[in-house]
């Protein structure tokens, strides 16, 4: 297994020495993995996946994810969100530097970990048009100091139609679409809105 890690660059991006490396955090059966994911109590469910803060994982699932993080030599405080795929023993570690700080954090990098193959793949995102995170309060501890403000932010965004997904036939919380930064900016502009701190305000 290659064990070169990630280095944080002055411009805020991660520079990997290798974009594909081996990881062996355990290989649960498909049935056992589905059971582990089904037992996750917190986080955000979108279709067949669950987004959750790594601190809210427990038991075997927490051990598996933490072992992968150790194998990948991830910097402390990075990749705090994990996307769990319930239909296969696979998960994606997500790095949102602005989690809990910014109104709508953007994704800087992700690691797709395949437990069956024992492999991982790194993907980095530029600053021009990265994916944008919505409903981030679902990925924060219950006592996070900004959680109440973020709950209100989500309620305001829903009220103004910013999170509508016209192609979705199931509840919005289970069908969030991935929105890129440029599209998000256009959506805000179309509603006459802008983000100020942790609030949505009307354009003057």
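For region 97-170, taking the reciprocal of the average inverse distance between every pair of different Cα atoms yields a Kirkwood hydrodynamic radius of 14.6 Å. A Förster distance of 25 Å, applied to the separation of the beta-carbon atoms of residue 67 and residue 143, puts the FRET efficiency at 0.35. Computed over region 28-109, the P(r) curve from all C-alpha pair distances, binned at 5 Å from the origin, holds 3, 15, 26, 26, 18, 10, 2, 0 percent per bin.
Read-outs throughout are calculated quantities, based only on the coordinates presented, and are distinct from any laboratory measurement. Keep in mind the model is a prediction, meaning the values are calculated, not measured. Neighbour counts run over all protein chains shown; Cβ positions are idealised from the backbone, glycine included.
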